[in-house]
Amino acid sequence: MPAMNTGSPYLTNGWLILALLLFTGCGEKKVATTPGTINSTPLAPMEGKDAPLFEKLDPASTGLTRAPKIDPKHPERRLYATGYSVGGIAVGDVNNDNKPDIFISSGPGQNRLYLQDEPLTFRDITEASGIEERIAWSSGATMADVNNDGLLDIYVCNYDEENALFINKGITDGIPAYLDEAKVRKARVRDASHTPAFCDYDNDGDLDLFILMHQLVAADGTAHTIPDAYAVGKRGNAFVIPRYTLYFKIDQQLRDPETDQRMATLKAIGRPDMLLENDGEGNFVNVTKKAGIESEGIGYAVQWRDYNLDGRPDLYIANGSNDRDHLYHNNGDGTFTDVIDTVVPLLSVDHAAWHPRTLIMMAVLTP
Ligand SMILES: [Ca+2]
Ligand SMILES: [Ca+2]
Ligand SMILES: [Ca+2]
Ligand SMILES: [Ca+2]
């Protein structure tokens, strides 16, 4: 759950209002999704609202003692200022004892796998389970049984390093044994990987993988701080020089009114998202283009859900403030159509509450 913002300060006023309106749709009353109309209903009363719902536990009692720490001297510390800042968490029962366990991908630190021995008491089994030390900045992680053998596997996104697909090879004395098989299973992606999202979108009984891409981050500056990241061609049009084309694109072509000098402003670009289809045995094929997935925004959050209850899971992608969101309608033939403009016509691109937005949008869109 990288870049998971849960506080309303991230909502603009318009979004706060919209969110309140949309949340009402999670109850029995439906919210209209006809373009231009939004119905509002009061929020449901909360039972026991005066009593705390959660209690903060002491890490010493839970065993979850190795929380990710910020390393201000890390050579890639520029990533703290992006959607890769906080790593991710995956929860699932990796040893089939009916107690959920926790995997933590911790940004630049060592990822950790904790086994829940007793209720809310965990044991670090990272090394014992074969989760290998990687020199990578990890982002989102998800548990899924990709090869349908009843054992939970773990997919981990890494920034500009190869992603890992840890296959659960079996459980001995309550400890799962993991082996990174991303390469042989064709899931070894190296890009701006941010969040893995599994879903059987083609309803053939296996979990397919959508990889949300964020942005590659130039080591020497941003779109606003590298004036020589573009040049002006003979015909007067500015273009990004090859060294920076993975990071920026021309936002506006400009002309100085006094000197007539051509110039431009730059904009950071997101990397193209990726859809991998499972062959039923946990091997993957890249079907992104065939599926019609063409989103290149700077992705922050993604969610699969069947918003129109036709039995086919659809995909909501929340992008950063300079890129529009996408709602990919599952056409049922392996392809998707972006219907964001017709289904969510009021959506602005000037917002930043990414993860809540995917939850809100999919909750409210589902009848
Ligand atoms: Ca367990
Ligand atoms: Ca498995
Ligand atoms: Ca499938
Ligand atoms: Ca659907």
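Since every read-out is calculated from the coordinates, none of them should be taken as a lab result. Every value quoted in this text rests on a predicted model; they were computed, and no experiment measured them. Neighbour counts run over all protein chains shown; Cβ positions are idealised from the backbone, glycine included.
What does the extension gain come out to for D279 and K99, with contour length at 0.36 nm per residue minus their alpha carbon separation?
Values: separation 180, 0.36 × 180 = 64.80 nm, distance 2.94 nm.
Full extension from D279 to K99 adds 61.9 nm.
Go through Q215, Y159, W137 and say which Cα lies farthest out towards the positive end of the charge dipole of region 115-234; charges sit on Cβ, +1 for Lys and Arg, -1 for Asp and Glu. Comparing the listed Cα positions along the dipole, Q215 ranks first.
Between R134 and T335, full extension at 0.36 nm per residue minus the direct alpha carbon distance yields a gain of 68.8 nm. Placing pseudo-labels 7 Å out from each Cα toward the beta carbon at R66 and A219 gives an inter-label distance of 2.8 nm. Subtracting the Cα-Cα distance of E294 and N203 from their residue separation scaled by 0.36 nm leaves 30.6 nm. With a cut-off of 13 Å on the backbone N, the residues of region 160-191 near the modelled label site 7 Å out from D117 along Cα-Cβ are 174-175. Figure legend: label point modelled 7 angstrom from the Cα of S321 along Cα→Cβ; residues of region 264-282 with amide N under 20 Å from it are 265-271. Radius of gyration over Kirkwood radius for region 46-150, both on Cα atoms: the Rg/Rh ratio is 1.03.
Past the 29 Å Cα-Cα mark, which pairs from K183/K289; K69/K249; K99/K169; K73/K267? It would help to have the intermediate numbers written out before the result.
On the way: K183/K289 21 Å; K69/K249 33 Å; K99/K169 19 Å; K73/K267 27 Å.
From the list (K183/K289; K69/K249; K99/K169; K73/K267), the Cα-Cα distance tops 29 Å for K69/K249.
A crude spin-label estimate for the pair N286 and F239, with each label 7 Å from Cα along the Cβ direction, gives 2.4 nm.
Antiparallel beta bridges, as assigned by DSSP with both residues in region 97-236, represent about 95 percent of the total such bridges. Look at where the Cα atoms of region 178-239 and of region 250-327 average out, and the two centres are 10 Å apart. Which one, G233, Y316, L266, projects farthest toward the positive side of the charge dipole computed for region 205-320 from Cβ point charges (K/R +1, D/E -1)? Positive-end residue among those listed: G233.
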